[in-house]
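What follows is a short report on a single structure.
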Amino acid sequence: MSLPWDVFGVDATWMLLMAFLVALPCSQIGSFLVLRRMSLVGDAISHGVLPGIVLGFVFTGDLASPWLLVGAAVSGILVTLLVELIHRKSKVKQDAAIGIAFTTLFALGVLMLEFFTHGNVHLDASCVIEGQLDRVIYYPDWVLLGIAVPEPVVTMAALALCTMILIVVFYRALLMTSFDPGLSASFGFRPSWIHYGLVGFLSVIVVSAFQAVGAILVIALLILPAASAYLCTHRLKTMLVLAGVHAFLSSWLGLLLYAHLNAGLASAIVTAGMGLFLLAWLVGPVDGVLMKWLARQRAVAENQRDISKNVSERNE
Amino acid sequence: MLTLLSLQSAEIALLASLVLGVACGLLGSFVVVRRIALVGDTLSHAVLPGVVAGMLWSPERDPYVILSLAALAGLLGVVTVQAIVKSTRIKSDAALGIVLASFFGLGLLWKSRARVPGVSDFLFGNAGAISVQDLVTMSVVSLLLVVIVFLLYRPFLVLSFDEGFAKGLGYPVGFLNALFYGLLSFAVVVAMQAVGVILVSAMLVTPAAAASLFTERLRTMTLWSMLIGVLSGGIGCFLSIHLDGLKTGAVITLVASSFFTLSYLFAPQQGVLAKQLRRGRERQRVARENLLKSIYHMMEAEGFRQDGVTKLALAEWRKTDLESIERSCQKLIKAGEAHVGRDALIYLTKSGWRRAVEIVRNHRLWELYLTNQADYAPDHVHDDAEKVEHVLSGEMLRKLEKDLNFPEVDPHGKPIPSVEKTLQELSQEGGTLS
């Protein structure tokens, strides 16, 4: 077995850090998506923001430009508005409306990609599907405290920090609007504002993760940690922490897998995340099938014991 | 076969696009009706490991092998979604996301590990790379889909709308569902080669959603959906060939989206425009009827000594300005419900009288109904009656009259006019009606 540090040397650290910094904010916001049953909104947005990304790239010539994030937030909200427009004003149901909206925008984005960035290596179709997480080491370095840090790592670290701060600040509002919109409205938190705020921020995160893992695998980073954590706990705070742990473990295991198999880094991370989810599905303390089965067996056995005890008492 | 072999790749692409329009349009209408659009999306991503397996299994790319393995992977994905939802608290949306991303990630990893060439044709769609053999397979599979759906139309119809009812009829629901998802996987794989993983969703959902706005009947919807699918495929492929080889899948999707936009705006019954028009006409009618009612009330207040009213008095009665009364009167006249006499008074025509009496009668009947039968206080019934008076008619009205025993006085002591009697009296007087 080849370890990442043997294969890539110190670059492996940057890859791991980058993978974790991409996965962490996704896992946090993904937890709220799963709780609010908006998982597939994440799917729709990750595809629907493509025209915004292409336009931003055309104007700034740089995938790391902050303007791209602004454009992403706007186009993400546009996607949700388009979905609402379709299903509110016609009898087309929400699921079909999502399907129509995101495929249309994605197709538009693909054509724009072909039209504007012909032959450009930084943004092409395979980047949309697979991402380029392993390219992080080819970026120019920033020197922080005497250490040369690749630029994308710095931006992702800033974004991850931002996410954590926002989650802490808006924790109560997010908690209440996720579980009881009516109650939260009576407390003065506007559920619709929180909704659009969440969608906008989700778009920002999706776009910044886009370059690393592509439009499809970002869904895995959003949902797998949250779903795995959901199987392990009933408490939101614990769930957020566990989702973060899942993000770290899947980055770490994914890197191992990547070094071992010499295949795509992003898909290796997703596969590792899937393995962790399967583990949680099996032995998650709250909702794992094996745990539930064991609990049932124990309950049955206890029941049996009680019955036999009663019978023997009566016989005496 | 000879003629097939001599086809150019552009012609193959065009034929393939038409075929996928049929397959996806057909199954898409069931997808839309069953509200599982996002299951289609998940399925299209989940088939990837199967495609990779198929390519590894048969390096000469035997389309039947690839198709079967891909469909198998798709079915496995659907089964996994159901297993997750059944055995945990995770809701179906998250389960779909999990399966979509996991299967796709696994497929990508396997593909890049095994270095399988040609998979990217499936990922992005490449109509130009479709071989004659592929085309034949696609056509055979699509034909099979059409035949199976045609034969099992009734069970599928019942299953789509009410699974419990289907069970009650004795249909093997589990088997039918498995068959349906199997067929859906086939349709997905057929379309994937031409339009790519992501835009398969569009081929499943968009034509069917456009068709659903045309009709309430599933059979008609299915036909429309297939037609729109075929048109999107054909036009899209044609455009992509002529526009300098733009990505076929994207162009086909945008053509389908244009069809949806057209139907969203202009569908005869369900279109936004038609609805807006209907609502506008409705509002106009209510406004006209309210004016008729006011005229009736004014004449009633005078004890019907006069047949006409002046516009000024009408404006005062309605607490509005002369100008807007002028405008509304013009509309009334245009509708043939009133005319202006030589003395510049507004007179109701026969149909105007009829409608005015009907509205007042509806209003007072409803007020009486609310006070007598629904125990409302008499001073609380007016606002409700203001709305109901415009929609009360036919069967409902007759039932109301019967329940109230053909009353003549409303809860406020005002007479409830009878349409027939009023018209009879009017024609006897001869006045304005002659």
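Quick look at the values:
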quantity: Hits in region B:325-343 (condition: surrounded by fewer than 21 Cβ atoms within 10 Å (Cβ to Cβ), touching a residue at least 12 places away in the same chain (Cβ under 8 Å), charged (D, E, K, R) and not in a helix (DSSP H, G or I)); calculated: B:D343
quantity: Filtered residue count, region B:313-324, keeping only those that are assigned to a helix (DSSP H, G or I) and among the charged types (D, E, K, R); calculated: 2
quantity: Where A:S178 falls short, out of the listed (1) small (G, A, S); (2) open to solvent by 10 Å² or more (accessible area, probe 1.4 Å); (3) without any contact (Cβ under 8 Å) to a residue 40 or more places away in the chain; (4) in a helix (DSSP H, G or I); calculated: (3)
quantity: Region B:390-403, subset of a type in the set (A, V, I, L, M, F, W, C) and open to solvent by 80 Å² or more (accessible area, probe 1.4 Å), residue farthest from B:A356 (Cα to Cα); calculated: B:M396
quantity: Unique match (being closer than 19 Å to B:K293 by Cα and modelled with pLDDT under 85) among B:L404, B:L392; calculated: B:L392
quantity: In region A:88-116, the residues that are under 15 Å from B:L38 (Cα atoms), more than 8 Å from chain B (Cβ to nearest Cβ) and open to solvent by 50 Å² or more (accessible area, probe 1.4 Å); calculated: A:Q94
quantity: Which numbered condition B:E408 misses (of (1) closer than 25 Å to B:E420 by Cα; (2) of a type outside the set (S, T, Y); (3) in contact with a helix residue (DSSP H, G or I) (Cβ under 9 Å, 6 or more places away or on another chain)); calculated: (3)
quantity: Unmet criterion (only one of (1) more than 14 Å from chain A (Cβ to nearest Cβ); (2) over 26 Å from the mean Cα position of the chain (by Cα)) for B:A194; calculated: (1)
quantity: Options A:I223, A:I167: the member that is under 18 Å from the mean Cα position of the chain (by Cα) and within 14 Å of chain B (Cβ to nearest Cβ); calculated: A:I223
quantity: Residue satisfying condition, being of a type outside the set (S, T, Y) and without any contact (Cβ under 8 Å) to a residue 12 or more places away in the chain, within set A:L276, A:L294, A:L265; calculated: A:L294
quantity: Residues within region B:295-324 that are in contact with a helix residue (DSSP H, G or I) (Cβ under 7 Å, 6 or more places away or on another chain) and closer than 22 Å to B:E358 by Cα, tallied; calculated: 8
quantity: Hits in region B:291-312 - residues which are out of contact with any Gly (no Cβ under 7 Å at 6 or more places or on another chain), surrounded by 21 or more Cβ atoms within 10 Å (Cβ to Cβ) and in contact (Cβ under 8 Å) with a residue 60 or more places away in the chain; calculated: B:K293, B:I295, B:Y296
quantity: Out of A:L278, A:L256, A:L249, A:L282, sole residue that is at pLDDT 90 or above, touching a Leu at 6+ places or on another chain (Cβ under 9 Å), within 14 Å of chain B (Cβ to nearest Cβ) and within 27 Å of A:L35 (Cα to Cα); calculated: A:L282
quantity: Scan of region A:263-297 for residues that are under 17 Å from A:M239 (Cβ atoms) and either open to solvent by 60 Å² or more (accessible area, probe 1.4 Å) or assigned to a helix (DSSP H, G or I) (or both), ordered by number; calculated: A:G273, A:L276, A:F277, A:L279, A:A280, A:W281, A:V283, A:P285, A:M291
quantity: Among residues of region B:266-296, those that are in contact with a Lys or Arg (Cβ under 7 Å, 6 or more places away or on another chain) and within 9 Å of chain A (Cβ to nearest Cβ), counted; calculated: 2
quantity: Residues that are touching a Pro at 6+ places or on another chain (Cβ under 9 Å), among the aliphatic types (A, V, I, L, M) and open to solvent by less than 10 Å² (accessible area, probe 1.4 Å), drawn from region A:192-250; calculated: A:I205, A:A209, A:A212, A:L231, A:A243, A:A247
quantity: Positions within region A:217-244 being assigned to a helix (DSSP H, G or I) and over 12 Å from A:S27 (Cβ atoms), in sequence order; calculated: A:L217, A:I219, A:L236, A:K237, A:T238
quantity: Residue match in region B:82-92 (condition: more than 9 Å from chain A (Cβ to nearest Cβ), buried (at least 24 other Cβ atoms within 10 Å of the Cβ) and among the β-branched types (V, I, T)); calculated: no
quantity: Residues satisfying the stated conditions in region B:30-46, i.e. touching a Phe, Trp or Tyr at 6+ places or on another chain (Cβ under 8 Å) and either more than 10 Å from every other protein chain (Cβ to nearest Cβ) or not β-branched (V, I, T) (or both); calculated: B:F30, B:L43, B:H45, B:A46
quantity: Some residue of region B:4-12 being in the same structural domain as B:F150 (by TED's automatic domain parsing), of a type in the set (A, V, I, L, M), crowded, with 24+ Cβ neighbours inside 10 Å and not in a loop (DSSP other than H, G, I, E, B); calculated: no
quantity: Matching residues, region B:93-127, being over 19 Å from B:A191 (Cβ atoms), more than 7 Å from chain A (Cβ to nearest Cβ) and part of a helix (DSSP H, G or I); calculated: B:A95, B:V99, B:W110, B:K111, B:A114
quantity: Hits in region B:147-159 - residues which are over 23 Å from the mean Cα position of the chain (by Cα) and surrounded by 16 or more Cβ atoms within 10 Å (Cβ to Cβ); calculated: B:I148, B:L152
quantity: Check on B:S58, in contact with a helix residue (DSSP H, G or I) (Cβ under 9 Å, 6 or more places away or on another chain) and surrounded by fewer than 23 Cβ atoms within 10 Å (Cβ to Cβ); calculated: yes
quantity: Filtered residues of region A:17-36 (kept if facing another protein chain (nearest Cβ under 10 Å) and either closer than 18 Å to A:A220 by Cβ or among the hydrophobic types (A, V, I, L, M, F, W, C) (or both)); calculated: A:G30, A:L33, A:V34, A:L35
quantity: Positions within region B:371-389 being in contact (Cβ under 8 Å) with a residue 40 or more places away in the chain and either surrounded by fewer than 18 Cβ atoms within 10 Å (Cβ to Cβ) or more than 21 Å from B:R288 (Cα to Cα) (or both), in sequence order; calculated: B:T371
quantity: Any hit, region A:48-68, residues being at positive phi and either open to solvent by 50 Å² or more (accessible area, probe 1.4 Å) or assigned to a loop (DSSP other than H, G, I, E, B) (or both); calculated: yes
quantity: Of all residues making up region B:215-265, the number that are without any contact (Cβ under 8 Å) to a residue 40 or more places away in the chain and either within 12 Å of another protein chain (Cβ to nearest Cβ) or more than 29 Å from B:F161 (Cβ to Cβ) (or both); calculated: 14
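The values are calculated or read from the model by the stated rules, or taken from the named source; none is laboratory data. Small disclaimer: the values here were computed from a predicted structure and weren't measured. Note: ideal-geometry Cβ built from the backbone for every residue, glycine included; neighbour counts use all protein chains shown. Calculation scope for accessible area: heavy atoms of the full protein, side chains included, ligands and nucleic acids excluded. Shrake-Rupley method; radii C 1.70, N 1.55, O 1.52, S 1.80 Å.
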